[in-house]
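These notes are about the structure you will find just below.
The values are calculated or read from the model by the stated rules, or taken from the named source; none is laboratory data. The structure displayed is predicted, hence computed values, not measured ones. Here the Cβ is made from the backbone with ideal geometry for all residues, glycine too, and neighbour counts use every protein chain on show. Each accessible area value is taken on the protein alone, full model and side chains, heavy atoms only, with ligands, DNA and RNA left out. Shrake-Rupley method; radii C 1.70, N 1.55, O 1.52, S 1.80 Å.
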Amino acid sequence: MFAAPSIVPTVGIHHGVPNEVYHSWKAVSHTWLNRLRQTPAHLLDLMQNGGEESTPAQVFGSAVHCVVLEPNEYPKRYAVRAEGVSGDTKKGKNFKEMHEAAGRQVLAFKDGRWIEAVSRRALAHRRLQEWLHRDHATEVSMVWEREGYLCKARADL
C-alpha cells in the first residue's frame, strides 16, 4: 500500500496509490488543463474547492473499469442492491448506509447486471484475456516535472 497522503508528490512512478490520494496531489493534470481551457476561474475553483460529485454515468464507468482491470477490487469498492430494492426504501437506505460506511459505492440492481455482463464478455474475449494475463500493473501513478511545473498522470494498465 502507499504511504501517507502527500499534497505534493515526488517525481517518479508510484504503484498502489489510492485514487483519493492521487487526486489530492497538487500537480498539473488532464483535468486541470480541461478546466483551464474553460476559464482560469474554473481551474481556480477546482483547485480551491475540489471536484464535483461523480455523475451516475461516471460511477457506472468506474465500476466497469474496476471489474475488468481490477476484478479483485470490485467487491471491495462496489455493492449492488438486490432486485426490486429501491434506494428510497428503508431497506435500500440501510443497505446504502452499511456499504458506504465500509467504503463501497452502491449500485442499482440494473447497473450491477450490466456490469456483470461486461465482466462475462471481457472474460470470454480471448485476445483481451491474453493481454490482461501478461505481466502488468494497473492504476500506476506517474509524476514528472516539465518547464518548472509538476505534472501527473494515472495509467489504467
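List of remarks:
- Accessible surface for the range 48-131, divided over its residues, is 73 Å² per residue with a 1.4 Å probe.
- For the range 118-157, the dipole from Cβ point charges (+1 on Lys and Arg, -1 on Asp and Glu) about the Cα centre works out to 340 debye, to the nearest 20.
- For the chain, calculated [θ]222 nm from helices alone, where every DSSP H run of n ≥ 4 adds -39500 (n - 2.57): -14500 deg cm²/dmol
- Angle of helix 109-124 to the longest C-alpha principal axis of the chain, folded into 0 to 90 degrees and rounded to 10: 80°.
- Of the residues 34, 57, 69, the one whose Cα sits farthest towards the positive end of the charge dipole of the range 12-96 is 57 (charges of +1 on Lys and Arg Cβ, -1 on Asp and Glu Cβ, taken about the Cα centre).
- Near residue 114, once Lys and Arg are set to +1 and Asp and Glu to -1 for all other residues with Cβ below 14 Å from its Cβ, the sum equals +2.
- Charge dipole magnitude, Cβ of K and R +1, D and E -1 - the chain, Cα centre, debye nearest 20: 420
- Fraction of accessible area attributable to carbon and sulfur, the chain (%, probe 1.4 Å): 55
- On Cα atoms only, tilt of 90-101 relative to the major axis of the chain in degrees: 40
- Positive contributions from Lys and Arg (+1) and negative ones from Asp and Glu (-1), summed over other residues with Cβ under 12 Å from the Cβ of residue 25, come out at +2.
- Set of aspartates and glutamates near residue 93 by C-alpha distance (under 17 Å), chain-local residues within fewer than 8 positions excluded: 83
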